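Below you'll find the structure, written out as structure tokens, and then a few comments.
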Amino acid sequence: MNKKSSNLLLFSSLMLMIFVLVACSNDSSTDEETASGDGAGSESDLSADLQYWSSYNESEPQARVLLDAADAFMEENPGVSIEFTFNGRDNSELLPTAIQSGRDIHMYDANAVNIINRFSNSNMNLNEFFEESYPTTEDTPLKDYISQPMIDLARDLGEDELFYVPMNPQAFVFMYNKSIFDEAGVNEVPQTWEEFVAAGEKIIEAGYTPLTTDPNYSTGIFGYYLSSLKGEDWVFDLVEDETYEMWSDPAVLEAAKAIEELADKGFYADNVSTVQFPQAQQEFVIDENIAMYLNGTWMPGEVQDTVSEDFEWGQFQFPTVEGGVNDNTHTAYSSYGIGVNQDNTNEEAEAAFNFAVFVNTGEWDQQMVDQAKALPIDTNNENPEALTDMAEIFENTEGNYVSQTAIATNSDNSQIIRSAFINLISGESTAEEFIAEIQDSN
Amino acid sequence: MVMKKKTIFMFLAPALILFGLFILYPVVRTVIMSFFNVNTITSPTNEWSFVGMQNYIDLFSNPTFRISMVNIIKIWAITGFFTLGIALVFAAILSTKIFGRKFFTSIIYLPEVISVIAIGYAWLLYVFNSQFGLINSFFSVIGLESLSNIEWTSPDMLLISMIIAAVFGAIGQYTLMYLSAMTRIPEDFYNVARIEGQNSIYQFFKITLPLIKDVIRTTAVLFTTSTIGFFAFARVFSHISTITPMLFTYNQIFGTEINPETNVGMGAASGVMMSLVGIFFFILSNYIIKKSDYEY
Amino acid sequence: MKNIKARLSRMSFNKNQLKLTPAYIILIAFTVFMAYMLGWILFASFSSTRGIFTGNLFQDGLNLDSYRQIFFNSNGLLTIFNTLIYTVPSSLLLIIICAPAAYVLARFEFKGNKLTQQLMVIALSVPGIMITMPLFFHFSSLGVHDSRLVIILLFTANSIPFDVYFLTAYYKNLSYSYEESAAIDGAGPLRTFWEIMFPMAKPAIITITIFNLIGKWNAYFLPLIFANTPGMRPVGVWLETTITSMITTGNYSGMFAAVVLAASPTIILYFFLANRLLQGVEQNGVKG
């Protein structure tokens, strides 16, 4: 048959394919802020074109502060240009593979634990940079200038090395509504679990609901209780135990009983089994009939569009549990951080680090505080109004737990524990049933 | 008909080349990968170490995976039954001489043109919401307190809620398929029944259903193959009771915000298991609804 | 006489309509539900979070902030552009590639025909995750990223099994007489295919193209893995990212605004094209 024309068909369809593909494969132009200075007459000697991958979303206030800070930084350092890619929380998943596939990324931010665990192949050791002082650190070496607990945490995580510049410190503590506490006659924040239960009972008497939670933060109270009782390492072992035999330990039952008691006494909001994040935290500030919520210091920032101006924020740390190994000087806290890619040239690394310092000290750290209601990392900056109690909490803090406590650290079972726990706090199941539900999942 | 081998090859080549490069080769490589310990998705072959069946053993001792397997079977059975069932009813209604037939058809098909993610969030954030949700406020307005108190988004109900949303998102496509088959049935078949005085329910079961049996079989197969990849709704509803093998595997490969550790070898094993289950269901749905002998 | 007949038929018509009452109830209930759901979401997107929670949507007046925020901070237009670029070429390519393949598979006997068809059918049951790991690895090690070409190729390849399966079934049911008369006229296989058999399959091709366009417009899984950077995202992935960011800032009206923006292009287009589209699909639906 007609060989020529079948060749022609193949050829023309291939050409069409190629044409279509080439026509639409123009390399993606990303939408980030770009600006490069004119270089001439520069006072600073920093010079580099930087790509910054962020785990914030463009619509979050932190992203806006980063963009504005970059503009200011580029104005002061005309040799530097910074281009952002805001990936949101997916950043932790996207970044390692992006760097391994050879993409130029000079600096990035993420939750501190993720920087250490996920980006270890690209993290530059930053010890030397921390020894120096910067224009915004008042002639003090950076390591002595910014918040010491956050530097210590960075050293802990990095096994005595520093791999990131801490930003946006955060702690997981009880947020409470001061007006409700006042009205219910709770004049002192609870220091012990008994005082906590007593405070809740007063709140119920005054016609309010003591507690609520969204599912993702729900197990924090249980994790805190167990970490106080047996220590954090024990809780890590508990969630990693593949036989689930540790769940038969009396300590687990004791903690579960304590929570069951709360549920029995009606501490939790009625809809606690149905809320989907961030419904409960919105109701906390909109309805103003719930007194306490174990949440992060990021919460005032997340609800800032809906909270009324006269809402009175308070914080207190998780109370001391009787017979526990840790008291209420142990707090789950962490921070975000900016890491620098070790494949950078010296110039790029220098510029990247300078920008990381620039955005986390002085004026721009204050901007983070003001716009995102975040805690400052620069000790000269003031806590946001909603988080004034945090200063005292950090002063009292001696020990650190992982963010949201160790109970939620094994992704093989964290959701199983959460689901069973929601049944416990909504009164659907007893402490024994709660433990059985988790053990049965095996 | 005869055709030269070379010409046949010309016709097949583009499809086969793309199929080979982007489907066959990756699937084979993934199957091989499932017998190796592979830490990250970018690990080159020389970092793989052979572990035999270990990934499969780990997989089946993983509680989350087992839950996801049970979930997908529930989703397949319940969603399948209601999606195909409701679609049949809608199609039967729309094939009658009803007013506004075109309008109603287009309304029923509408969810098909909306992104699954949008449908998922619309149901999760709005319809099922316990504070301002459509269902709860509807029942409390008409005074059915017991129904308005249903906790759609509680751990026990979430899977059912997700299934309802999934059924809503899928009926349009199947309704249209059935409708198209039903309109092809010659009117004579019904005239005979009508003369014999049979009612329309009888007609539906005795005439319509047997005649579109082949189409039902095809839709059952189509539904099954699409269920194995059930992912978007599960990611939107993101709860242990709604996790599916596809989402579990995705988390194994890319990690999650809480737990960044990845195990790509196990992810591959999980993908292989899903494929086997998919092929099993595929054969099963072919078997349940045997090919009929009707011709028309 | 004529009059009586007309009246009789009208009566039976009314009787039929009466019998259809349950059918009307079902259809109207579904329509009202749909309209209410979409309408409320549209209104909520112009409300405020406080308004949504207190059940009084417009207590703070008409609120355009959510839309402003989305237009200002995320790439709405780029997203639509991306989605079009991924959707249209791959849907066209699929037809050009799959129709000839399906034609020879359906109508000619040759070694490997059965095997090819079986491979395609088995591939239908293989979940997308099976192809992602090796492909992601190879693209990374080749340094290919943010390439729209890759997405188009993936979108095309991913639908080959279904499209070939669907079109093969259609070609199997066509009569052989067309080809025979073409052969008598002395037409070669290529001319026979492109001038006779390809147009013969037009109804099936239209149906499959509609399925492809809709499916690829709303694709989520593959782009989540291969096109998940701000400049590359198509609608589904964009929507998820945008809603996640609205969730962290507790902006409920923003979440609903994102849903509205993601869904409205196809809904608007659908209302113009619904009749033609449905007619096409309905007339040529799937064969058993």
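The values are calculated or read from the model by the stated rules, or taken from the named source; none is laboratory data. Quick caveat, the model's predicted, so the values are computed rather than measured. Ideal geometry is used to build each Cβ from the backbone, glycine not excepted, and the neighbour counts take in all protein chains shown.
Using the structure shown, decide if residue A:370 is surrounded by fewer than 21 Cβ atoms within 10 Å (Cβ to Cβ), charged (D, E, K, R) and within 14 Å of another protein chain (Cβ to nearest Cβ). So residue A:370 does not fit the description; no. For segment B:252-266, the candidate set comprises residues that are more than 7 Å from every other protein chain (Cβ to nearest Cβ) and surrounded by 20 or more Cβ atoms within 10 Å (Cβ to Cβ); within that set, the residue that is modelled with the lowest pLDDT is B:262. For residue A:372, the conditions (1) within 19 Å of the chain's Cα centre (by Cα); (2) not assigned by TED's automatic domain parsing to the domain that holds residue A:161; (3) not hydroxyl-bearing (Ser, Thr, Tyr) are fulfilled apart from (2). Look at residue A:176 and say whether it is at pLDDT 95 or above, buried (at least 18 other Cβ atoms within 10 Å of the Cβ) and not in a helix (DSSP H, G or I). Yes; evaluated as a whole, the condition is true for this residue.
Please state which one of C:84, C:94, C:64, C:78 is modelled with pLDDT of 85 or more and more than 26 Å from the chain's Cα centre (by Cα). None of the other options fit; the residue is C:64. Looking across segment B:126-148, the residues that are of a type outside the set (Ser, Thr, Tyr), assigned to a loop (DSSP other than H, G, I, E, B) and surrounded by 13 or more Cβ atoms within 10 Å (Cβ to Cβ) come down to B:128, B:129, B:131, B:132, B:133. Return yes or no: is residue C:263 surrounded by 21 or more Cβ atoms within 10 Å (Cβ to Cβ), within 13 Å of the chain's Cα centre (by Cα) and at the interface with another protein chain (Cβ under 7 Å from one of its Cβ atoms)? Answer is yes for this residue.
Here segment A:69-126 is the region considered, the condition is being of a type in the set (Asp, Glu) and within 14 Å of chain C (Cβ to nearest Cβ), and the residue that is farthest from residue A:359 (Cα to Cα) is A:93.
Within the group C:211, C:198, which residue is of a type in the set (Phe, Trp, Tyr), more than 20 Å from residue C:104 (Cβ to Cβ) and surrounded by fewer than 22 Cβ atoms within 10 Å (Cβ to Cβ)? When all the criteria are applied, what remains is C:211.
The set of residues from segment C:242-260 being among the small types (Gly, Ala, Ser) and facing chain A (nearest Cβ under 9 Å) comprises C:245, C:250, C:254. Scanning segment B:144-189 for residues that are within 13 Å of chain C (Cβ to nearest Cβ) and under 17 Å from residue B:134 (Cβ atoms) returns B:164, B:165, B:167, B:168, B:169. Among the residues of segment B:215-226, is any of a type in the set (Ser, Thr, Tyr), within 30 Å of residue A:274 (Cβ to Cβ) and under 22 Å from the mean Cα position of the chain (by Cα)? Yes, because at least one residue in segment B:215-226 is of a type in the set (Ser, Thr, Tyr), within 30 Å of residue A:274 (Cβ to Cβ) and under 22 Å from the mean Cα position of the chain (by Cα). Being under 19 Å from the mean Cα position of the chain (by Cα) and either farther than 15 Å from residue A:169 by Cα or not in a helix (DSSP H, G or I) (or both) holds for only one residue in A:400, A:423, and it is A:400.
Answer yes if at least one residue in segment B:114-122 is buried (at least 19 other Cβ atoms within 10 Å of the Cβ), under 21 Å from residue C:220 (Cα atoms), under 22 Å from the mean Cα position of the chain (by Cα) and of a type in the set (S, T, N, Q), and no otherwise. Yes, that holds for at least one residue.
Of the candidates C:203, C:230, C:189, C:265, the single residue that is under 30 Å from residue C:56 (Cα atoms) and either at pLDDT below 90 or assigned by TED's automatic domain parsing to the domain that holds residue C:41 (or both) is C:265. Count of segment B:237-246 residues, restricted to those that are buried (at least 24 other Cβ atoms within 10 Å of the Cβ) and in a helix (DSSP H, G or I), is 4. One residue is enough: does segment A:266-278 have a residue meeting the conditions at pLDDT 90 or above and more than 14 Å from every other protein chain (Cβ to nearest Cβ)? So far as segment A:266-278 goes, yes, one or more of its residues are at pLDDT 90 or above and more than 14 Å from every other protein chain (Cβ to nearest Cβ).
Annotation: residue C:239 fulfils all but one of (1) surrounded by 24 or more Cβ atoms within 10 Å (Cβ to Cβ); (2) more than 9 Å from chain B (Cβ to nearest Cβ); the unmet one is (2).
In segment C:103-120, the qualifying residues are those that are at the interface with chain B (Cβ under 9 Å from one of its Cβ atoms) and part of a helix (DSSP H, G or I), and the one that is nearest to residue C:161 (Cα to Cα) is C:120. For residue C:181, the criteria (1) over 21 Å from the mean Cα position of the chain (by Cα); (2) facing another protein chain (nearest Cβ under 7 Å); (3) assigned to a helix (DSSP H, G or I) hold in every case but one, which is (2).
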